[in-house]
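Take a look at the structure set out below.
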Amino acid sequence: MTMIKIHNLRKRFGRADVVNNFSAEIFKNTIVGFVGPNGSGKSTVINLLTGVETIDHGDIYISDILVKNKKKLINNYSFNISRTYQDPRIFDQMSVLENVLIVLNKRKVLSSFFETKKPFNSSKVEEVLRKVDLWGKRSALAGDLSYGQRKILEFARVLAMDTRICIFDEPFAGLFAEMKLIVSELILDLKASGKTVVLIEHDMDQIVKLADYVLVMNAGKLIAKGKPSKILSRNDILDIYIGKDLHEK
Amino acid sequence: MEYLIHLAILLSIYAILGISLNLLLGYTGLISLTHASFFGMGAYVTALLLVHTKTSFLLSVLLGVILVMPISTFLGMISDQFNKNDYMLVSLGLNVIIFGLFNNLSNLTNGALGISGIPRPVLFNIDFSSNSNYLLLALVLLLLIYLFSHYIVRTSFGRVLKTIREDENVSKSFGFNTRYYKLVIFVITASMAAVSGSLYASYFSYIDPSSFSVTTSMLILSITIIGGLASLPGTLIGTLFFILFPELLRFVGIPSEEVFQLRQLMFGLIIVLLMMHRPQGFMGKYKL
């Protein structure tokens, strides 16, 4: 079953076509590796998908619902999407606990006004923070965490949001081997619990290990899709990915 | 003793203003210079009602708030069209416009001549014409507003305000309609400023537009920043500093006519130093 359908997506910044007639389908309860060299347009596709950027042309369907994405910054939550960013966007001057608690808040102004302490939220936050090993840091300001911990905290928010679609933009970048292991296990857990996971990543070992299939982008276009082990061993893909000269060496 | 009571009343009036701006600036990250206008609106409503009608003080406070609510909703909606940096400039412009109205709507406000003879209230058979009694009234209102603000910042609503301050776009992506949150807190804080204005008018028994100019907005901003952003006790400390500092200048023998100018100079200097070395203020939790 198709979870996300992207049709003829186009985005231009100045004179550059950063995304050029990009079409793809992402299936329910799969882990999709989204790969390509730097500047190939992967993050822009995700930004278009999550409303951080406006679409110039094309359509995005999430669970067969057309996303009206002409305005900037759609409410991802209403489309059951949660995501992390290449550079973690956590709330630096709030505590680690609050950073996770916020995604469990009531959304409406009036109901949030009368929501103070809620046992369910507290236990959920504790469960999530223990899972990512940040419970001991719950009272610390998020801004005081190390880079890796900030990434993990963003990850914890995604876990707490419990959305059907989880998008991770380079989740392994800058992480120690031990943390990488935790993150890859968490990603597998998400799939096991029925989520659809989109993974933008340069670490090909992780992609091969985790992804059910990959989408390869170059110069704003989708150039290949299929099983990771097959696609990522193709010479033309390696030429593009690491450069022809380097590959031939 | 009478002098200390006077200072405590001033402390209560300005602390309410400081707390209201701290909810907006310290917790939501919005720098507003319109608060002196709402302070003025509350003051004028109370002054006009107490001078020309037999309205009770509490009803005049309530009517001040009722007047300020739709006006602040409208102004909040205008301000929301701008990004955070322009927000401050827009709020400055709005204050200048409203200050102009206070000056020029002479039929209503008596223009630059102001309104005098504003009586002190009598409530529940207690006469508040003595300063000691008036202090009680001021402290009760301050306490109510402090507790209400304390409640706000501990709710989920307060938590969303902080995310708007930190990264509004991420907050939006979580499904929060940040526009409504900003508008609601703007109206709440404007109403608090109006309550403070009512207290001010009745205490001094005279008001004119000069008390509600941009300079007053800057002073409220100074109180909030000096005391500490996102800290309610910090605002009380900031107000104490703001009230006591000019008095200390008087004690060291500086003529009272020069105290005002010197106070402005010193506050400016203190803010610059704080921004350089302690941007969160004395007790603050948030750096601008």
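The values are calculated or read from the model by the stated rules, or taken from the named source; none is laboratory data. For clarity, every value in this text was computed on a predicted model and none was experimentally measured. For neighbour counting, all protein chains shown are included, and Cβ atoms are generated from backbone atoms with ideal geometry for every residue, glycine included. The accessibility values were calculated without ligands, DNA or RNA, using every heavy atom of the protein model including side chains. Shrake-Rupley method; radii C 1.70, N 1.55, O 1.52, S 1.80 Å.
Things worth noting here:
- A:Phe13-B:Val96 pseudo-label distance in nm [points 7 Å out on the Cα-to-Cβ vector]: 3.7
- Surface burial for B against A, with a 1.4 Å probe and both sides summed, reaches about 2500 Å² of accessible area.
- Highest-fluctuation residue, B:Gly197, B:Gly100, B:Gly228 considered, GNM on chain B with Cα pairs under 10 Å: B:Gly100
- Rounded to whole numbers, the Karplus 3J(HN,Hα) couplings from phi for segment B:136-144 are 4, 4, 5, 5, 5, 5, 4, 4, 4 Hz, using 6.51 cos²θ - 1.76 cosθ + 1.60 with θ = phi - 60°, and x at Gly and Pro.
- Highest-fluctuation residue, B:His277, B:His150, B:His35 considered, GNM on chain B with Cα pairs under 10 Å: B:His277
- Residue with peak Gaussian network fluctuation, chain B [Cα springs, cutoff 10 Å], from B:Pro70, B:Pro255, B:Pro233: B:Pro255
- Each residue of segment B:10-26 is assigned a 3J(HN,Hα), and the resulting list reads 4, 4, 5, 4, 6, 5, 4, 4, x, 4, 4, 6, 5, 4, 7, 8, x Hz, derived from the Karplus form 6.51 cos²θ - 1.76 cosθ + 1.60 (θ = phi - 60°), x at Gly and Pro.
- In the context of the full set of protein chains, residues of segment B:77-158 present 56 Å² of accessible surface per residue (probe radius 1.4 Å, heavy atoms only).
- When you filter the chymotrypsin sites (Phe, Trp or Tyr not before Pro) in segment B:75-113 for DSSP loop state and at most 16 other Cβ atoms inside 10 Å of their Cβ, you are left with B:Phe82.
- Remark on segment A:1-53: hydrodynamic radius 11.9 angstrom, per the Kirkwood mean of 1/r across alpha carbon pairs.
- Heavy-atom accessible surface of segment B:166-288, averaged per residue, reaches 40 Å², computed with a 1.4 Å probe.
- Amide H contacts for A:Asp56 (H built 1.01 Å from N in the peptide plane; partners 5 or more residues away or on another chain; cut-off under 5 Å): A:Arg10, A:Arg12.
- Along segment B:262-270 the Karplus relation, 6.51 cos²θ - 1.76 cosθ + 1.60 evaluated at θ = phi - 60°, assigns HN-Hα couplings of 5, 4, 4, 4, 5, 4, x, 5, 4 Hz to successive residues, with x for each Gly and Pro.
- Amide hydrogen neighbours beyond the local backbone of B:Met283, cut-off 5 Å, H modeled: B:Gly228
- Accessible area per residue for segment A:82-167 is 44 Å², calculated with a 1.4 Å probe on protein heavy atoms, without ligands, DNA or RNA.
- The protein assembly as shown, accessible surface, carbon-and-sulfur percent (1.4 angstrom probe): 60
- Fraction of C-alpha pairs exceeding 18 angstrom in segment B:81-234: 69 percent, rounded to a whole number.
- Sequence-distant residues sharing a close amide H with A:Ala224 (under 5 Å, placed H): A:Val216
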